[in-house]
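Participant: I'd like to ask some things about the structure below.
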Amino acid sequence: MKRRNFLQQTIASSAFITLGGLSLQSFNSSSKKHITILHTNDVHSHIDPFGPDDGRNANKGGVARRAALVDAIRKENPNTLLFDAGDIFQGTPYFNYYGGELEFKLMSMLQYDAATIGNHDFDNGIDGLNAQLPHAKFDFLSANYDFKNTVLDTHVKPYKIYTKNGIKVGVFGLGIQLDGLVEKRMYKETKYLNPIEIAQDMSRILKEEEQCDLVICLSHLGYYYRNFPEKASDLNLARATKNIDLIIGGHTHTFLPKPTIEKNAVGKNVLVNQVGCYGLYLGRIDFYFDAHEKTQEKGTTIIV
Amino acid sequence: MKYRIIILLVVLTFITACKKDYHLEKIKGERLSINDSISGVQTIEDFIKPYRENVNKNLDSVISYAVDTYSKTDGEYNTAIGNLFADATLEQANPVFNKRTGKNIDLVLLNHGGIRAIISKGPISARTAYQIMPFENSLVVATLKGEHIKELVTYLQLAKRAHPIAGLNIVLNEDYSLNKATINGQPIDHTKAYNVLTNDYLFNGGDRMDFFQKRDSLYVLDYKVRNALLDYFKKKDTLNPVTDNRFIRLK
């Protein structure tokens with residue numbers, strides 16, 4: 001039986017949450033591992049920074065600056081993964097003129113590892129998205145869009161496992177219900193499957209069958225819908241599943257100043273994060289591991 | 001053979017026993033701001049440059065000329081810029097609709113909120129079209145029976161906003177009651193079906209224009225509102241829209 005103590009302290013602007021257990025710690029510095037996860041969402045073709053005269057986001061954003069930040073973090077920790085939670089397309093004339101080519105080429109230059117598909121990524125139709133895929137040197141992950149009867153069949157994987165410094169990171173994608181949001185003639189025969197059920201399945205496969213050390217969901221479901229609390233959202237997903245460590249969200253353009261800590265179906269902590277939109281921010285989550293005997297039980301400290 | 005299986009089993013057990021089980025000790029999360037304190041990577045800047053220059057060249061090339069500055073706040077029930085929206089989309093969409101169906105568009109209804117910027121006096125570029133219509137909405141034609149057109153008229157009567165219209169003429173009394181409503185000069189016929197040009201946002205219930213859901217048929221024109229405006233601007237040397245009597249209140 002696991003014994004859980006919940007302790008929350010606020011020091012300056014940071015909140016420390018400790019999930020304590022048996023304290024049979026045996027430190028071995030050589031067995032420490034550190035994985036850094038970086039993420040964006042809803043960049044919406046915002047390649048150039050906002051100008052100095054912009055009413056809201058003056059001098060913010062910009063892909064070249066994001067690249068500099070990502071480079072610096074990769075130098076600091078080579079075991080870094082970079083993800084996007086969808087809605088790469090639509091929002092500036094770059095998309096209208098080049099159909100997403102530049103967005104994908106730049107994300108490839110920044111060495112994104114994977115992205116999930118947002119509703120706006122269908123704005124030039126499923127064929128428009130497919131036409132740009134050759135420019136993307138990263139994976140597209142979606143577990144609840146069934147593309148079997150579409151041109152995207154086999155081009156989009158439900159999940160992928162990234163091994164960094166011996167740590168297995170299992171990543172799967174989830175997309176929002178397209179009916180009512182995207183015209184049928186755009187998404188064609190794409191089938192939307194219940195994201196919560198799929199996530200329960202995916203997290204079991206990744207944690208139990210694939211023995212991943214870390215399970216991450218790239219979600220374009222939206223953070224939470226106050227007026228439709230039953231609607232599939234990241235918070236509902238966190239509560240209804242187990243074995244997910246981090247949900248990287250999108251769609252609702254929610255600017256979270258720090259990741260939300262939510263309890264999953266078995267009372268364990270899940271991090272839910274989203275960094276608004278337009279590439280104004282980069283989300284960063286660091287996971288620190290140490291090797292231990294299977295019989296040991298220890299807690300995880302969360303600093304946000 | 002049997003030994004090989006045993007050896008394999010032993011090796012497998014050994015590997016399993018040796019596989020380190022990593023414990024997640026600590027998680028740290030933070031949000032990093034991307035702003036002008038970071039200097040961008042030059043190779044990325046250089047890569048974007050030709051794309052940016054091409055887009056800007058296209059966007060900034062002059063395609064027409066505005067005689068005056070036009071804002072959607074210029075009038076109570078109809079404005080020059082709103083009339084331009086309605087008339088331009090009608091002129092551009094009707095040939096497309098007619099070619100496909102053999103019929104003509106009877107009236108246009110767009111929304112006041114959909115005009116996202118002013119048109120400034122002077123040269124008009126493609127960028128102007130992106131500013132006044134940044135959204136990707138497309139034009140659709142909904143066929144509505146006369147009785148539902150009456151709902152549309154009531155909507156406009158109650159909205160008290162200069163929603164862009166064309167083909168339709170509405171006169172309100174001083175007390176906001178309906179004085180008359182005509183379509184192309186004729187009274188609205190209950191038994192007749194009318195072809196209404198609008199955008200897919202409004203058709204799908206945007207701005208609570210619920211009457212569109214009572215349509216008999218829907219024609220998707222595959223023509224973006226912005227592209228219709230762009231095509232119209234390219235055709236016209238000068239833009240000189242005016243406020244007129246298509247929707248007025250008697251005083």
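Participant: Report, by residue number, each residue of the range B:66-109 that is touching a Ser or Thr at 6+ places or on another chain (Cβ under 7 Å) and without any contact (Cβ under 8 Å) to a residue 24 or more places away in the chain.
Facilitator: none
Participant: If you go through the range B:168-215, how many residues are under 12 Å from B:Gly146 (Cβ atoms) and more than 29 Å from the chain's Cα centre (by Cα)?
Facilitator: The number of residues fulfilling the criteria is 5.
Participant: Out of A:Val182, A:Val156, A:Val169, I need the residue that is in contact with a Leu (Cβ under 6 Å, 6 or more places away or on another chain) and among the hydrophobic types (A, V, I, L, M, F, W, C). Which one? So that I can check it myself, show each step before the final result.
Facilitator: On the way: A:Val182 fails: in contact with a Leu (Cβ under 6 Å, 6 or more places away or on another chain); A:Val156 fails: in contact with a Leu (Cβ under 6 Å, 6 or more places away or on another chain).
Selected residue: A:Val169, the only one of A:Val182, A:Val156, A:Val169 that is in contact with a Leu (Cβ under 6 Å, 6 or more places away or on another chain) and among the hydrophobic types (A, V, I, L, M, F, W, C).
Participant: Over 19 Å from B:Arg116 (Cα atoms), free of Cβ contacts under 8 Å to residues at least 60 places away in the same chain and among the small types (Gly, Ala, Ser) - does that describe any residue in the range B:179-188? Reasoning before the result, please.
Facilitator: The initial filter retains those residues of the range B:179-188 that are over 19 Å from B:Arg116 (Cα atoms), namely B:179-188.
Then drop every residue that is not free of Cβ contacts under 8 Å to residues at least 60 places away in the same chain, which leaves B:180-182, B:185-188.
From what's left, among the small types (Gly, Ala, Ser): B:181, B:185.
Yes, because at least one residue in the range B:179-188 is over 19 Å from B:Arg116 (Cα atoms), free of Cβ contacts under 8 Å to residues at least 60 places away in the same chain and among the small types (Gly, Ala, Ser).
Participant: Residue under question is A:Glu208, and the condition is that it be over 18 Å from the mean Cα position of the chain (by Cα) and open to solvent by 50 Å² or more (accessible area, probe 1.4 Å); does it hold? Please lay out each step first, then the result.
Facilitator: Details: over 18 Å from the mean Cα position of the chain (by Cα): yes; open to solvent by 50 Å² or more (accessible area, probe 1.4 Å): yes.
It is true that A:Glu208 is over 18 Å from the mean Cα position of the chain (by Cα) and open to solvent by 50 Å² or more (accessible area, probe 1.4 Å).
Participant: Shifting gears a bit: Among what's in the range A:254-295 and is more than 7 Å from chain B (Cβ to nearest Cβ) and of a type in the set (S, T, N, Q), pick the residue that is farthest from the chain's Cα centre (by Cα).
Facilitator: Per the criteria, the residue is A:Thr295.
Participant: Residue by residue through the range B:134-149, note down the ones that are in contact with a helix residue (DSSP H, G or I) (Cβ under 9 Å, 6 or more places away or on another chain) and within 13 Å of B:Tyr194 (Cα to Cα).
Facilitator: Residues of the range B:134-149 that are in contact with a helix residue (DSSP H, G or I) (Cβ under 9 Å, 6 or more places away or on another chain), as a first pass: B:134-142, B:144-145, B:147-149.
The answer is B:Val141, B:Ala142, B:Leu144, B:Lys145, B:Glu147, B:His148, B:Ile149.
Participant: Of the residues B:Ala228, B:Ala166, B:Ala162, B:Ala193, which is open to solvent by 10 Å² or more (accessible area, probe 1.4 Å) and not aromatic (Phe, Trp, Tyr)?
Facilitator: On the way: B:Ala228 fails: open to solvent by 10 Å² or more (accessible area, probe 1.4 Å); B:Ala166 fails: open to solvent by 10 Å² or more (accessible area, probe 1.4 Å); B:Ala162 fails: open to solvent by 10 Å² or more (accessible area, probe 1.4 Å).
On inspection, the qualifying residue turns out to be B:Ala193.
Participant: Can you spot a residue in the range A:103-118 that is buried (at least 18 other Cβ atoms within 10 Å of the Cβ) and polar (S, T, N, Q)?
Facilitator: Yes, because at least one residue in the range A:103-118 is buried (at least 18 other Cβ atoms within 10 Å of the Cβ) and polar (S, T, N, Q).
Participant: Looking only at the range A:240-253, filter to residues that are surrounded by 21 or more Cβ atoms within 10 Å (Cβ to Cβ) and of a type in the set (Val, Ile, Thr); which one of those is farthest from the other protein chains (Cβ to nearest Cβ)?
Facilitator: Keep residues of the range A:240-253 that are surrounded by 21 or more Cβ atoms within 10 Å (Cβ to Cβ), which gives A:241, A:243-251.
So of that shortlist, the ones also of a type in the set (Val, Ile, Thr) come out as A:241, A:244, A:247-248.
Details: A:Thr241: 17, A:Ile244: 13, A:Ile247: 12, A:Ile248: 11 Å.
Checking each candidate, the answer is A:Thr241.
Participant: Does the range A:121-137 hold any residues that are at pLDDT 95 or above and open to solvent by 20 Å² or more (accessible area, probe 1.4 Å), and which are they?
Facilitator: Those that are at pLDDT 95 or above and open to solvent by 20 Å² or more (accessible area, probe 1.4 Å): A:Asp127, A:Asn130, A:Ala131, A:Gln132, A:Leu133, A:Pro134, A:His135, A:Lys137.
Participant: State whether one or more residues within the range A:208-224 are among the small types (Gly, Ala, Ser) and at pLDDT below 95.
Facilitator: From the range A:208-224, those among the small types (Gly, Ala, Ser) are A:219, A:222; that's our starting set.
Checking the rest, the ones that are also at pLDDT below 95 come to none.
Within the range A:208-224 (the criterion being among the small types (Gly, Ala, Ser) and at pLDDT below 95), the answer is no, since none of the residues qualifies.
Participant: Considering only the range B:196-227, state which residues are under 17 Å from B:Gly113 (Cβ atoms) and within 14 Å of chain A (Cβ to nearest Cβ).
Facilitator: At the first step, the residues of the range B:196-227 found to be under 17 Å from B:Gly113 (Cβ atoms) are B:198-210, B:212, B:225-226.
Scanning the range B:196-227 gives B:Asn199, B:Asp200, B:Tyr201, B:Phe203, B:Asn204, B:Gly205, B:Gly206, B:Val225, B:Arg226.
Participant: With in contact with a strand residue (DSSP E or B) (Cβ under 8 Å, 6 or more places away or on another chain), assigned to a strand (DSSP E or B) and either modelled with pLDDT of 95 or more or surrounded by fewer than 22 Cβ atoms within 10 Å (Cβ to Cβ) (or both) as the only criterion, which of B:Val153, B:Val171 stands out? Lay out the reasoning, then the answer.
Facilitator: Numbers: B:Val153 fails: assigned to a strand (DSSP E or B).
Only one candidate passes the filter, namely B:Val171.
Participant: Further question on the same structure: Please state which one of A:Asn269, A:Asn243 is over 14 Å from A:Gly170 (Cβ atoms) and not hydroxyl-bearing (Ser, Thr, Tyr). It would help to see each step written out before you state the result.
Facilitator: Working: A:Asn243 fails: over 14 Å from A:Gly170 (Cβ atoms).
One residue alone meets the criteria, A:Asn269.
Participant: Restricting attention to the range A:138-175, and to residues there that are more than 14 Å from every other protein chain (Cβ to nearest Cβ) and of a type in the set (Lys, Arg), which single residue is least open to solvent (accessible area, probe 1.4 Å)?
Facilitator: Here is the first cut: in the range A:138-175, the residues more than 14 Å from every other protein chain (Cβ to nearest Cβ) are A:138-162, A:171-175.
Now drop any that are not of a type in the set (Lys, Arg), which leaves A:148, A:157, A:160.
Values: A:Lys148: 139, A:Lys157: 84, A:Lys160: 68 Å².
That would be A:Lys160.
Participant: Another one. List, please: which pairs have Cβ atoms under 8 Å, are six or more places apart or on different chains, and start with a residue in the range A:184-204 that is within 10 Å of A:Ala232 (Cβ to Cβ) and end with one that is of a type in the set (A, V, I, L, M) and assigned to a helix (DSSP H, G or I)?
Facilitator: Short answer, once both residue conditions are applied: A:Pro195/A:Leu237; A:Ile196/A:Leu237; A:Ile196/A:Ala240; A:Ala199/A:Leu237; A:Ala199/A:Ala240.
Participant: Go through (1) out of contact with any strand residue (DSSP E or B) (no Cβ under 7 Å at 6 or more places or on another chain); (2) buried (at least 19 other Cβ atoms within 10 Å of the Cβ) and name the single condition B:Tyr77 misses.
Facilitator: Result: B:Tyr77 passes all but (1).
Participant: Something else: Checking B:Asp36 against (1) modelled with pLDDT under 95; (2) open to solvent by 80 Å² or more (accessible area, probe 1.4 Å), which single condition isn't satisfied?
Facilitator: (1)
Participant: Please enumerate the residues belonging to the range A:46-75 that are closer than 17 Å to A:Ala114 by Cα and more than 7 Å from chain B (Cβ to nearest Cβ).
Facilitator: A:Val70, A:Arg74
The values are calculated or read from the model by the stated rules, or taken from the named source; none is laboratory data. Everything numeric here is computed off the predicted structure, so don't read it as measured data. Positions of Cβ are generated from backbone atoms using ideal geometry, with glycine treated the same way; all protein chains shown enter the neighbour counts. The accessibility values were calculated without ligands, DNA or RNA, using every heavy atom of the protein model including side chains. Shrake-Rupley method; radii C 1.70, N 1.55, O 1.52, S 1.80 Å.
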